[in-house]
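Report on the structure given below.
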Amino acid sequence: MKVLVVYAHHEPSSLTASMKNIAVQQLTSQGHEVVISDLYAQGFNAVAQKWDFVTTTGGHFNYMLEQRHAARLGMSFAPDITSEIEKLATAELVVIATPIWWFSVPAVLKGWFDRVLAMGVTWDGGKIYENGLMRGKQAMMLVSAGGPKEYYSKEGKHKASMTEILHPINHGTLAFCGYDVHEPFCAINTLGQTKEELDTTMNDLRFRLQNLTTSPNWLTKY
């Protein structure tokens with residue numbers, strides 16, 4: 001299987017980096033072909049703008065419609081977008097490794113969603129969810145969050161579970177494009193875990209990844 005790992009953290013010694021490294025190691029050891037998009041290292045531009053396109057329609061600028069126009073012209077996108085779209089086109093599984101910042105993801109990853117999951121490429125008018133252009137492909141989030149576990153519930157300080165916090169991405173982004181979305185792997189209380197607890201977390205991640213493609217019960221529509 002061809003796998004794209006999208007990694008959104010600037011610090012190589014971070015827990016998110018460790019999760020990314022484990023994903024690459026585990027999936028490679030299983031014989032999968034793994035490609036990495038290291039967004040910070042690439043200097044990926046997070047801002048969607050007019051010069052994302054080699055040519056435009058020339059009318060009122062609507063970013064989504066310009067994406068569709070560029071796709072119909074044969075990938076008439078800026079080179080950095082084209083490169084990422086080419087990785088997506090061959091990837092049967094997309095693994096996204098990211099921290100959770102302000103109940104969302106870092107701007108560089110949100111920008112990757114905006115610019116790369118383009119209209120006409122991953123979705124289109126009427127071609128969403130079960131009809132999305134990425135149907136038949138899989139996606140999974142690997143996330144880290146610093147708050148204590150008890151914060152992540154309706155009764156906790158955040159008033160939301162991690163499933164609810166990730167809903168805009170799992171459902172409103174990935175499933176929207178047609179991906180079959182795996183249950184995310186969430187490392188919570190990363191700032192408060194002991195070394196033993198962190199080791200357990202990483203071993204849990206290894207187990208998930210070792211059994212990822214043979215455990216359909218983990219595959220959920222969000």
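None of the figures in this text is laboratory data; all of them are computed from the coordinates on show. Quick caveat, the model's predicted, so the values are computed rather than measured. Using ideal geometry, Cβ is built from the backbone for each residue, glycine included, and neighbour counts are taken over all protein chains shown.
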Exercise. Among the helices of the chain (complete DSSP H runs), which have Cα atoms covering no less than 18 Å along the helix axis and a Kyte-Doolittle mean of at least -1.0?
Worked result: 15-29
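So in the stretch 2-220, what percent of DSSP beta bridges are antiparallel if you round to the nearest 5?
15 percent
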Exercise. If you build a Gaussian network model of the chain, linking Cα atoms that sit under 10 Å apart, which residue out of Leu205, Leu27, Leu73 swings the most?
Worked result: Leu73
Exercise. Can you sort Arg206, Arg115 so the residue with the fewest Cβ neighbours within 10 Å comes first?
Worked result: Arg206, Arg115
For this session: Sort 138-144, 10-16 for me by packing, meaning the mean count of neighbouring Cβ atoms within 10 Å per residue, highest on top.
Result: 138-144, 10-16
Exercise. Taking neighbour counts of Cβ atoms within 10 Å as a proxy for exposure, in what order, fewest first, do Thr57, Thr98 appear?
Worked result: Thr57, Thr98
Problem set entry | Table column - 3J(HN,Hα) (Hz), the stretch 145-155, Karplus curve with 6.51, -1.76, 1.60, x for Gly and Pro | 9, x, x, x, 4, 5, 5, 9, 7, 5, 8
Problem set entry | 18 Å cut-off, amide nitrogen to a point 7 angstrom out along Arg135 Cα→Cβ, residues in the stretch 1-15 | none
For this session: Please give the net charge around Thr163, taking every other residue with its beta carbon less than 12 angstrom from that of Thr163, where Lys and Arg add +1 and Asp and Glu add -1.
Result: -1
